[in-house]
1. Taking the beta-carbon count within 10 Å as an exposure proxy, list Ile85, Ile64 from fewest neighbours to most.
2. Sort Val121, Val87 so the one with the fewest other Cβ atoms within 10 Å of its own Cβ comes first.
3. Expressed as a whole percent, how much of the Cα-Cα distance distribution for the chain exceeds 23 Å?
4. Identify the residues of segment 54-83 with backbone N under 19 Å of a label point that sits 7 angstrom from the Cα of Arg30 along the Cα-to-Cβ direction, or state none.
5. Expressed in nm to one decimal, what extension gain is obtained for the pair Leu120 and Phe19 from 0.36 nm per residue of sequence separation less their Cα-Cα distance?
6. Taking the alpha-carbon set of segment 27-81, what are its Rg and Dmax in Å?
7. Treat each spin label as a single point 7 Å out from the Cα along the C-beta direction, and report the Phe137 to Arg61 distance in nm.
8. Which helices count as membrane-span-like in the chain under these terms: full DSSP H, at least 15 Å along the axis by C-alpha, Kyte-Doolittle mean of -1.0 or more?
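Read-outs throughout are calculated quantities, based only on the coordinates presented, and are distinct from any laboratory measurement. These numbers come from a predicted model, not from an experiment. Positions of Cβ are generated from backbone atoms using ideal geometry, with glycine treated the same way; all protein chains shown enter the neighbour counts.
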Amino acid sequence: MDSSDTGRSSPRTLRTLLFPERPRFFPWARPVQLFLRSVHIAAMALVVGGLPFGAGFEALRGPILVTIASGILLFGIDLARDLGILVQGSGVAVLVKLALLGLGAFQPAHRLPWYLAATLVASVGSHMTGAWRHFSFVQWKVLRYPD
């Protein structure tokens, strides 16, 4: 009796599901990500722009929530395509950005510098070459996928 007879996934099937040989293609992903990225940047600009003027959480609640929601959705689409992104240049850039944002949350007096650093990392991560974006720190090579 194989794993399909028991109704349970074998480790190989789970591995293939989480880490496909090639990233999954969703025809709707590109336009959705374009929209989400635009919303994310605009909302984040309001948050980072409001900090030097003393805007508090209440004033920034809406943009903060939009930034978080759009960021989760953006990263969720990338993760749905392939969890392997977590060990590639683009995924590592997102994780570094999240760490910097976390430092800003835990050090409110220094929030602006941490958020500016996160913005810098996000900008570089979004615009780096494909060789950097698809470099796997686990396989120590560039993974080439057709775009």
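1. Values: Ile85 22, Ile64 16.
In order of increasing Cβ crowding within 10 Å: Ile64, Ile85.
2. On the way: Val121 20, Val87 16.
If I rank by nearby Cβ atoms, fewest first, I get Val87, Val121.
3. Numbers: 4860 of 10731 pairs.
Of the Cα pairs, 45 percent sit more than 23 Å apart.
4. Residues 74-75, 77-82 qualify, since their backbone N sits under 19 Å from the label point.
5. Numbers: separation 101, 0.36 × 101 = 36.36 nm, distance 2.89 nm.
Taking 0.36 nm per residue and subtracting the Cα distance, the gain is 33.5 nm.
6. Final numbers for Rg and Dmax: 12.8, 42 Å.
7. 3.7 nm
8. Values: long enough: 29-50 (31 Å, 1.17); 57-81 (35 Å, 1.28); 89-106 (26 Å, 1.86); 111-127 (24 Å, 0.65).
Membrane-span-like by this rule: 29-50, 57-81, 89-106, 111-127.
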